[in-house]
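Below is one structure; the comments refer to it alone.
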Amino acid sequence: MQETARKSSATAWLRVEAKDPVLTQHVHHSSGRVHRFRFQHNLYKLREGRSMKPETFAHVVSSLLYQHRFGPYFCEPVVAGLDEKSVPYITGMDSLGAMEEAKDFMVAGTAPASLWGVCESMYREDLEPEELFEVIGQCLLSGVNRDALSGWGGIVYIICKDKVIERTLKGRMD
């Protein structure tokens, strides 16, 4: 399964937890890490008196991955969110925590090579939430059709200033 994230007037991503900052990967591999990230987030809130910015959370994720570099977690997290000024932030990482920020979109998972081309050809700036969902859906379904290890669809979250829209995509089931 691939994860994709978009950055526009609305931001979309696949995520693990609904109320915490975002880490995209398979849920069954991430339950222990989700607790660790929630713990780090709660410590930050106690110490600072505010929630983490997406950029700060990305650095926490990167640091944890680098701490486990000799026995790495085999994941490619994508962190996305809106800061306090509603400016979208998106970054992806390798399994050692090396970050790469993107201005438009980030792909990760089992078939990023097949997703890059599709995303580059379909993405446009300043899409409305409904248009953004349609582009993400088409990119995800086109990308998984080109990779034998991918499938079953995904969950897309569109993050707007005032709401979160969640939709499920169903892909091929072979």
3J(HN,Hα) from dihedral phi, the range 44-59, Karplus parametrisation 6.51/-1.76/1.60, rounded to Hz, x for glycine, proline: 4, 5, 5, 6, 9, x, 7, 7, 6, 6, x, 5, 5, 4, 4, 5
Proximal aspartates and glutamates to K161, defined as alpha-carbon separation beneath 18 angstrom and excluding residues fewer than eight positions away on the same chain: D20, E55, D83, E84, D104, E125, D126, E128, E130, E131
³J(HN,Hα), Karplus 6.51/-1.76/1.60, whole Hz, each residue of the range 162-168, x for Gly, Pro: 10, 7, 10, 9, 10, 9, 9
Under Karplus coefficients 6.51, -1.76 and 1.60, residue-wise ³J(HN,Hα) of the range 108-118 in Hz, glycine/proline x: 7, x, 7, 9, x, 4, 6, 7, 4, x, 5
Set of the range 83-101 residues, backbone N closer than 19 Å to the point 7 Å along the Cα-Cβ line of R36: 92-100
Amide H within-cut-off set for A108, under 5 Å, with H built and near neighbours excluded: E3
Solvent accessible area, Å² - E84, 1.4 Å probe, full protein context: 130 Å²
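What is the packing order of peptides 150-162, 114-126, taking the mean over residues of other C-beta atoms within 10 Å and listing the highest first?
On the way: 150-162: 17.0, 114-126: 15.0.
The most tightly packed comes first, giving 150-162, 114-126.
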Cβ-defined net charge surrounding D94, 12 Å radius [Lys, Arg +1; Asp, Glu -1]: -1
For I155, residues with placed amide H under 5 Å, excluding near neighbours: L169
Furthest towards positive pole of dipole, G71, A58, L82, structure part the range 44-84, Cβ charges: G71
Debye, to nearest 20: dipole size of the range 70-133, +1 on Lys, Arg Cβ, -1 on Asp, Glu Cβ: 240 debye
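The values are calculated or read from the model by the stated rules, or taken from the named source; none is laboratory data. Since the structure is predicted, the reported quantities are computational estimates derived from the model, not experimental observations. Note: ideal-geometry Cβ built from the backbone for every residue, glycine included; neighbour counts use all protein chains shown. Accessible surface areas use protein heavy atoms only, side chains included; no ligands, DNA or RNA. Shrake-Rupley method; radii C 1.70, N 1.55, O 1.52, S 1.80 Å.
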